[in-house]
Amino acid sequence: MSSPRSFEGTHYTDVNHSQFNTAGRDQYNTYNTIVTNQETVLGTLKPVDRSGYYVPPCMRGTRKWLVQSIHCWLNDQQATNILWLSGSPGSGKSTIASTLVSQLGEVGWLGSSFFFKRGDIALSDPAAVWRTIAFDLAQKDFLFAERLIENLNERRVDPTRADIESHFKYSIEDPLTVSLAIRQRAQNHSTSTMRSPVVVLDALDECGTDPSQSTQRQIFMGTIIKWSRLHPSFKLVITSRDQHISRSFREVCCHIPLETGNLVSHETTADIQTFFESRFADITSPYSSLQSWPGTSIIQKLTDRAAGMFIWAETVIGFLKQGPPKGQLDLILGGAFRKEGDVIDQLYEQILRHSFQNPEALDTFKRVVGAIVLAKTPLHRDGLKYFLGKQEDESSIDFILINLSSVISTRNTDGRIQINHLSFTEFLCNPKRGKEFAIDHTTHSQMMTLACLQIMKEDLRFNICELETSHVRNDDLNLTDRLKKAIPSHLSYACTFWAEHIQSTTVEVDILSEVREFMEIRLLYWLEVLSLIKQVTTAIRALILIGEWSKVSYTIIVMGLRLMGNYLRHMTKGFSDLQQMQGNSYLRL
């Protein structure tokens, strides 16, 4: 990759507040005052926690030509302020975005980044993007923060409402415009030496993919177009597939396509060859007998077969590490090269056929992978067993995850399981592509729904954290250890997402019976858990979803709403808004 030093030599004004002393001592003092309040006020934005999702950057020595092109665009104040990097699945868009984020961060130019991830509710929600980016920008620019806090205090924008246009106007557009105007006046209207923080959005095609979010996605795309009307110094980098992208979006972007297949560039082909050479050197280093293996001709064949798709190359290397290298490579060479068609599908199919040949292993595979694929947010490894439809030996789960380590990984940071690339999820969810390995969405949604209801049936109880008094706010107590013990990850997941899963099931007698029992016996215990994990606002949506799902059984939703109303009226006594009651559990009264 290009070194961050490529940014050096460019004249710019750093966004750090220490660089703006020339704007006047009064502004600096104002900044110190803002700092004392901004943690509380900016906290109302409730930015999405993105720390658990990490995409590795490009391997050193690759993609130099592409990153240099992006740097040239960043330094061009006459160019349109949106750069769109498009490409097919597996072409390396996210790794390039990750590399750019790292380099911008090193030199202080990064304003914010948001890596969308389909299947993760928090990381695919269009309504969460601008308030999260606004929170990040406020940490970088004190003038931006000052204006944003003013807008929040004056209630010009309400972060608790999914009003994306309002979020953009008063959390992004207005603070950026005002902060720029102040600096222009301070520098005698000159903007030639100014540089504003860069914002990076990765995998835009994975934003708002749920059918219920289609309208929100359209509104969000409209706000991106509005970004193009901001000052040219406000740079926005976007990566996505080249599908379902409107003409109006294309017209406002500087576009760099990443071609694959027959159109793959010589530079990309050379980068993939470099990748293979480096990774094979790592694989062969422990083996004295493999020092010259596999040879130039085989590396060239693998490079040609990859056809510009880094995900194919990465999956091959991951598969080679799962067994004796020569034997693993022979499986790849003996299968995929004899077929025509989608090379990544062929590779996925070959890996699965090699590992799951007998019916029992295939059944376990489908239940384990079905839970991982349909999870609304990555499941914790320790909690996976609760969502498989029946009790499963931990060694069987380990067998599945070990054999799929080239496509599914367990994060070291938080122990959560994630599929490494969207293309594998799409392969599994398409019967024509996945064949006997395909996941039936309805069957596994029903399995997940029943699992969530069963978890809540077994674990929910009155005063779950065994608190001694109800007269102290939850926020005023140190509940970290108690929450971890009383509300493990699988219970927290079930309470948060059971209604989301039920949407994709049919109204079966067994599920309807479980829901009715839940409403009659455990509804208030559920609300208590939601208040403890700060997810009270999901309760209303959950009850609406249940009402839409049941349709013929309106008594369920009526019962739930009546109990919910009584509970919320009790909770809100003495509280001015929902944000205050979010930190309280009054079931203990």
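The values are calculated or read from the model by the stated rules, or taken from the named source; none is laboratory data. This one's a predicted model, so the numbers in the text were calculated from it and none came from an experiment. Cβ placement follows ideal geometry from the backbone for every residue including glycine, while neighbour counts extend to all protein chains displayed.
Pick out the one residue from Leu477, Leu483, Leu491 that is more than 13 Å from Phe387 (Cα to Cα) and in contact (Cβ under 8 Å) with a residue 24 or more places away in the chain.
Leu483
Looking only at residues that are surrounded by 17 or more Cβ atoms within 10 Å (Cβ to Cβ) and at pLDDT below 90 in the stretch 236-263, which one is farthest from Lys301 (Cα to Cα)?
Per the criteria, the residue is Ile245.
Of the conditions (1) at pLDDT 90 or above; (2) more than 24 Å from Ala371 (Cα to Cα), Asp481 satisfies every one except a single condition; which number is it?
Going through (1) at pLDDT 90 or above; (2) more than 24 Å from Ala371 (Cα to Cα) one by one, Asp481 breaks only (1).
Suppose the filter is assigned to a helix (DSSP H, G or I), outside the structural domain of Ile417 (by TED's automatic domain parsing) and either surrounded by 12 or more Cβ atoms within 10 Å (Cβ to Cβ) or touching a strand residue (DSSP E or B) at 6+ places or on another chain (Cβ under 7 Å) (or both); does Leu491 pass it?
Working: assigned to a helix (DSSP H, G or I): yes; outside the structural domain of Ile417 (by TED's automatic domain parsing): yes; either surrounded by 12 or more Cβ atoms within 10 Å (Cβ to Cβ) or touching a strand residue (DSSP E or B) at 6+ places or on another chain (Cβ under 7 Å) (or both): yes.
When the stated conditions are applied, Leu491 passes them.
On the given criteria, is Leu100 modelled with pLDDT of 90 or more and either assigned to a helix (DSSP H, G or I) or over 29 Å from Gln213 (Cβ atoms) (or both)?
Taking the combined requirement at face value, the residue satisfies it.
With the stretch 209-287 as the region, which helices (runs of 4 or more DSSP H) entirely inside it contain at least 2 residues that are over 30 Å from Arg541 (Cβ atoms) and in the same structural domain as Gly111 (by TED's automatic domain parsing)? Walk me through how you get there before you give the answer.
Numbers: elements: 214-227, 247-251, 266-284.
Ranges flagged: 247-251.
Which pairs turn up if I take residues in the stretch 496-525 that are free of Cβ contacts under 8 Å to residues at least 40 places away in the same chain and look for partners that are surrounded by fewer than 20 Cβ atoms within 10 Å (Cβ to Cβ) with beta carbon separation below 8 Å, at least 6 apart in sequence or on another chain?
Glu520/Met559
Quick one: in the stretch 536-553, which of the residues that are at pLDDT below 85 and not in a helix (DSSP H, G or I) is farthest from Tyr493 (Cα to Cα)?
Val552
Is one or more of the residues making up the stretch 476-489 touching a Ser or Thr at 6+ places or on another chain (Cβ under 6 Å) and under 15 Å from Leu527 (Cα atoms)?
Looking through the stretch 476-489, none of the residues is touching a Ser or Thr at 6+ places or on another chain (Cβ under 6 Å) and under 15 Å from Leu527 (Cα atoms).
Mind checking which residues of the stretch 421-431 are without any contact (Cβ under 8 Å) to a residue 24 or more places away in the chain and either part of a loop (DSSP other than H, G, I, E, B) or not assigned by TED's automatic domain parsing to the domain that holds Ala375 (or both)?
Of everything in the stretch 421-431, just one residue is without any contact (Cβ under 8 Å) to a residue 24 or more places away in the chain and either part of a loop (DSSP other than H, G, I, E, B) or not assigned by TED's automatic domain parsing to the domain that holds Ala375 (or both), namely Asn430.
Does the stretch 505-520 contain at least one residue that is within 28 Å of the chain's Cα centre (by Cα), within 26 Å of Val48 (Cβ to Cβ) and not aliphatic (A, V, I, L, M)? Step through it out loud before you land on a result.
Start the filter on the stretch 505-520 by keeping residues that are within 28 Å of the chain's Cα centre (by Cα), which leaves 505.
Narrowing further to those that are within 26 Å of Val48 (Cβ to Cβ): none.
Within the stretch 505-520, not a single residue is within 28 Å of the chain's Cα centre (by Cα), within 26 Å of Val48 (Cβ to Cβ) and not aliphatic (A, V, I, L, M).
Please state which one of Ser423, Ser406 is over 19 Å from Leu123 (Cβ atoms), of a type in the set (Ser, Thr, Tyr) and surrounded by 15 or more Cβ atoms within 10 Å (Cβ to Cβ).
Testing whether each residue is over 19 Å from Leu123 (Cβ atoms), of a type in the set (Ser, Thr, Tyr) and surrounded by 15 or more Cβ atoms within 10 Å (Cβ to Cβ) leaves just Ser406.
Evaluate the following for Ile351: is it crowded, with 18+ Cβ neighbours inside 10 Å and either within 23 Å of Thr449 (Cα to Cα) or of a type in the set (S, T, N, Q) (or both)?
No, not satisfied.
Which residue out of Ser91, Ser86 is in contact with a strand residue (DSSP E or B) (Cβ under 8 Å, 6 or more places away or on another chain), surrounded by fewer than 23 Cβ atoms within 10 Å (Cβ to Cβ) and more than 23 Å from Ser179 (Cα to Cα)?
None of the others qualify; the one that does is Ser86.
Of all residues in the stretch 45-74 being surrounded by fewer than 17 Cβ atoms within 10 Å (Cβ to Cβ) and among the hydroxyl-bearing types (Ser, Thr, Tyr), which is nearest to Val237 (Cα to Cα)?
Per the stated criteria, the residue is Ser69.
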